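S.K.: What follows is a structure written as structure tokens; I'll ask about it next.
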Amino acid sequence: MTALSTFVARVETTTGAMSISVSDIDKDTIPSRFEALMGMLGNVVDPIVLTNDYIRLDEVRPGTASADLNFKFVGSKRARFASETAFCESMNENLALKVFQCVTNMVKLPDGDLDVHFEVFMLMQDEARH
């Protein structure tokens with residue numbers, strides 16, 4: 001079994017510096033999964049817009065992360081949707097529950113359905129808005 005780690009990223013955004021932690025994630029997969037999370041954060045209602053490409057990503061001891069946004073990695077998921085409307089409704093329902101389904105691949109199938117692969121994160125704490 002792979003040991004799970006916690007990482008804190010320090011990023012520069014249009015609203016200033018902020019930090020984002022991700023817990024319960026395999027250190028070998030953090031770069032691609034974190035990239036998926038950042039892509040999703042750039043598309044939500046209150047988007048996080050990076051002002052440069054440099055992201056400092058540090059591994060920290062579990063339970064010690066102090067960040068503006070704290071996420072727990074839930075896992076990878078694959079789902080099929082009958083339409084783009086069904087896909088959007090699912091995304092919005094999950095966001096309302098603070099579950100970020102970060103799309104890593106989407107294919108329109110011959111029958112018109114969407115086959116979607118996600119990296120799934122749950123927002124555990126949102127210090128920036130308290």
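The values are calculated or read from the model by the stated rules, or taken from the named source; none is laboratory data. This structure is a prediction, so every number in the text was calculated from the model and none was measured. In this analysis, Cβ positions are derived from the backbone assuming ideal geometry, glycine residues included, and neighbour counts consider all displayed protein chains. The area values use the complete protein model at the heavy-atom level, side chains included, leaving out ligands, DNA and RNA. Shrake-Rupley method; radii C 1.70, N 1.55, O 1.52, S 1.80 Å.
S.K.: Specify the angular offset, from 0 to 90 degrees and rounded to the nearest 10, of the alpha carbon long axis of helix 30-41 from the longest principal axis of the alpha carbons in the chain.
M.R.: The angle comes out at about 70 degrees.
S.K.: In whole Å, what is the distance between the alpha-carbon centres of segment 1-58 and segment 67-87?
M.R.: Centre-to-centre (Cα) distance: 15 Å.
S.K.: Solvent-accessible area per residue for segment 13-55 at a 1.4 Å probe radius, Å²?
M.R.: 56 Å²
S.K.: Can you pull out the trypsin sites (Lys or Arg not before Pro) in segment 14-83 that DSSP calls coil and that have at most 14 other Cβ atoms within 10 Å?
M.R.: Filter output for segment 14-83: Lys27.
S.K.: Next up: Spin-label point model (7 Å from Cα, Cβ direction): what's the Arg80 to Asp24 distance in nm?
M.R.: Output for this residue pair reads 2.8 nm.
S.K.: Still on this model: If DNA, RNA and ligands are ignored and the probe is 1.4 Å, what is the ranking of Ser76, Ser90 by accessible area, most exposed first?
M.R.: Ser76, Ser90
S.K.: Can you give the accessible area of Thr29 in Å² (nearest 10), computed on protein heavy atoms with a 1.4 Å probe?
M.R.: 40 Å²
S.K.: A further question follows. Do any chymotrypsin sites (Phe, Trp or Tyr not before Pro) in segment 1-74 lie in a DSSP loop with no more than 12 other beta carbon atoms within 10 Å, and if so, which?
M.R.: Taking segment 1-74 and a limit of 12 other Cβ atoms within 10 Å, the loop chymotrypsin sites (Phe, Trp or Tyr not before Pro) found are Tyr54.
S.K.: Then there's this: Helix-only mean residue ellipticity at 222 nm, the chain, DSSP H runs n ≥ 4 weighted -39,500 (n - 2.57), per residue, nearest 500. What is it?
M.R.: -6000 deg cm²/dmol
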